[in-house]
Each structure stands twice: as structure tokens, then as C-alpha cells.
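Q: Pasting in a structure now, in C-alpha cells, and then I'll have a few things to ask.
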Amino acid sequence: MKLIGSTTSPYVRRIRILLDEERYEFVNLDIYGEGRDELRRNNPTLKIPVLEDEGQEIYDSRIIARYVSAKQGRDPLTWDQQNQLTMIDGANDSAVTLLLSEKSGIDTHQDVMFYKLQRERIATTLQVLAEMVQEGKFEEWNYPAICLYCLIDWLDFRNLEDFAGVESLLAFRDSHKEKPWVAQTDPRNS
């Protein structure tokens, strides 16, 4: 297996943690610089991660997780877990949009509907996820918990959220820092 991505992507990190002890090659790309050509060759959507295995290319972290989980003999996700992933991915996508806009020199704090909607999505989603953490819905270290961990840690790493009112998310993150492959995939170490 070969995983193509970057060490700072929360979507790639979740797959690296899920792969756990699996043997695979990790190709770390600078997707906004010199790695762009390789990304073009491997994924027409120009997104990471990409998994190559036995002649099969898989383009999306959610689909890659399904593929890896099936290979590892894990149970498929429940509908509630799928909904958890939808919330996590929605907040993550909005945060990536804000980060890329800021890196492009756009003021994302201006009074523009598009950016207000991104911030609203992040805020409401984090509130619901914090409540779910408090209710114990992420106690099992499974793929949705891994994705939540990667989202919260990435938001903190990129200084995109102050977590006021959703401190349980930071407590959740801090309680899992010692899990296998979490420290090894920390974007701060790249």
C-alpha cells in the first residue's frame, strides 16, 4: 500500500492513524508547491489523501477508511457514526476553506455571507460534537473518534478556534494524545 498526502492534513492524519501497524509507504507531498505535479498524476480532484493498493487508487479519506477497515475486518460504520463523520467533515471542510482563503490574502472576517456561513457551520458543529463527547459518544477509539481527534488537534495547530464553550473537545483531544500513532503523526513534528 502507498498513501499519498501531507503531514499537516487532518484527512491524511486520520488515515495514517487508522492504518496503525499496516505496512505502507507514505509519500509526503507539498501539495501547494513542488508536489502539485505528483498530486495531479495521482488524483484528478487534486485532493489528499490518495491510497494505492493492489492496482486500485482510492481518492477520499472516507472511502479510504472504508477500504482499510474492510481489509482489517472491522465492522462497517453505523448510521450514527456516518452522521458523526458528516459533522466532523463539514466543520473540517469549512475550516480548510477559511485557512486557504487566509493564506490567499483574503480577509475571512469581513461581513460576507460565504465566510459567515463557514464560521457558523464550525461553531454549531463543534457545539454538537462537544455535547456528544460529554454524553460519551466518542469513548471508543474508532474511526469517528480518530477523525474528531484529528479535527480538534488540527484546529488548535492552525489556531483557527479558541474552543470557548467547547472545552470538552480539548479535554477529549488531550485524553488521547498517547494513543498509538497519534504522536507519530503530529503535524507539529513535521
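The values are calculated or read from the model by the stated rules, or taken from the named source; none is laboratory data. Note that this is a predicted model, so its numbers are computed, not measured. Methodologically, a virtual Cβ is constructed for each residue, glycine included, from the backbone with ideal geometry; neighbour enumeration extends over all protein chains shown. Ligands, DNA and RNA are stripped out before the accessible areas are found, and what is left, the full protein with its side chains, is counted by its heavy atoms. Shrake-Rupley method; radii C 1.70, N 1.55, O 1.52, S 1.80 Å.
Q: Working out 0.36 nm times the residue gap between Asn142 and Tyr67, then minus their Cα-Cα distance, what length gain in nm do you get to one decimal?
A: Full extension from Asn142 to Tyr67 adds 25.5 nm.
Q: Follow-up. Can you give me the solvent accessible area of Tyr115 with a 1.4 Å probe, rounded to the nearest 10 Å²?
A: Its heavy atoms expose roughly 20 Å² to the probe.
Q: Name the long-range amide H neighbours of Val27: under 5 Å, sequence gap of 5 or more, or other chain; modelled H, no Pro or chain starts.
A: Leu3, Ile4, Gly5
Q: Moving to a separate point now. Keeping every protein chain in place, order Met113, Met1 by accessible area at 1.4 Å, biggest value first, i.e. largest first.
A: Met113, Met1
Q: Specify the residue with the greatest mean-square fluctuation among Ala91, Ala145, Ala164, computed from a Gaussian network of the chain linking alpha-carbon atoms under 10 Å apart.
A: Ala164
Q: Let me ask something additional. By how many nm would the segment from Asp53 to Thr7 grow when fully extended, if each residue of separation counts as 0.36 nm and the alpha-carbon distance is taken off?
A: 14.6 nm
Q: Leaving ligands, DNA and RNA out of it, report the carbon-plus-sulfur percent of the accessible area of the chain at a 1.4 Å probe.
A: Here carbon and sulfur together make up 47 percent of the probe-accessible area.
Q: Step through the residues of segment 104-115 one at a time and calculate ³J(HN,Hα) from phi using the Karplus curve (6.51 cos²θ - 1.76 cosθ + 1.60, θ = phi - 60°), rounding each to whole Hz and writing x for Gly and Pro.
A: 8, x, 8, 7, 7, 9, 5, 7, 10, 3, 4, 6
Q: Right, something else. Return the sequence-ordered ³J(HN,Hα) values of segment 66-75 in whole Hz as given by the Karplus equation 6.51 cos²θ - 1.76 cosθ + 1.60 applied to θ = phi - 60°, using x for Gly and Pro.
A: The phi angles translate into 4, 5, 5, 4, 5, 4, 7, x, 7, 5 Hz.
Q: Over segment 52-154, with a single point scatterer placed on each C-alpha, what log10 of the ratio I(q)/I(0) does the Debye formula yield at q = 0.16 1/Å?
A: Calculated log10 I(q)/I(0) at the listed q: -0.80.
Q: Once phi is turned into θ = phi - 60°, what whole-Hz ³J(HN,Hα) does the Karplus curve with 6.51, -1.76 and 1.60 give for every residue of segment 151-162, x standing for Gly and Pro?
A: Once θ is set to phi - 60°, the couplings for segment 151-162 become 4, 4, 5, 5, 4, 5, 4, 8, 6, 9, 8, 9 Hz.
Q: Continuing with this model, one more query. Give me Rg/Rg_expected for segment 68-126, where Rg uses Cα atoms only and Rg_expected = 2.2 N^0.38 Å with N residues.
A: 1.50
Q: Choose one of Ile15, Val50, Ile122: the residue whose Cα lies farthest towards the positive end of the charge dipole of the chain (beta-carbon charges +1 Lys, Arg; -1 Asp, Glu; about the Cα centre).
A: Val50
Q: With no solvent and one equal point scatterer placed on each C-alpha of the chain, evaluate the Debye formula and give log10 I(q)/I(0) for q = 0.10 Å⁻¹, two decimals.
A: -0.40
Q: Pick from Phe114, Phe157, Phe172 the residue whose mean-square fluctuation is largest in a GNM of the chain, springs joining Cα atoms under 10 Å.
A: Of the options given, Phe114 has the highest mean-square fluctuation.
Q: Sticking with this one: Report Rg (one decimal) and Dmax (nearest whole number) for segment 6-68, counting Cα atoms only, units Å.
A: Rg, Dmax (Cα atoms, Å): 11.1, 30.
Q: Another question, then. Would you calculate a helix-derived [θ] at 222 nm for the chain, using -39,500 (n - 2.57) for each DSSP H run of n ≥ 4 and dividing by the full residue count, to the nearest 500?
A: One gets -17000 deg cm²/dmol as the mean residue ellipticity at 222 nm.
Q: Using the crude model of +1 on Lys and Arg Cβ and -1 on Asp and Glu Cβ, and no other charge, please compute the dipole size for the chain relative to its Cα centre, in debye to 20.
A: 300
Q: I've got another one for you. Give me the Debye-computed log₁₀ of I(q)/I(0) at q = 0.11, 0.13, 0.17 Å⁻¹ for segment 1-109, equal point scatterers on Cα only, no solvent, two decimals.
A: Scattering profile of segment 1-109, log10 relative to I(0): -0.38, -0.53, -0.88.
Q: With a point put 7 Å past each Cα toward its Cβ, work out how far Arg23 is from Asp75 in nm, to one decimal.
A: 3.1
Q: Heavy atoms of the protein only, probe of 1.4 Å, neighbouring chains included. What is the accessible area of Arg158 in Å², nearest 10?
A: In the full protein context, Arg158 sits at about 70 Å².
Q: While we're on this one: Hey, if we sort Thr108, Thr45 by accessible area with the 1.4 Å probe, largest down, what's the order?
A: Thr45, Thr108
Q: Further question: In a GNM of the chain with a 10 Å cut-off on Cα contacts, which of Lys179, Lys71, Lys47 has the highest mean-square fluctuation?
A: With Cα springs under 10 Å in the chain, the top fluctuation among Lys179, Lys71, Lys47 is at Lys71.
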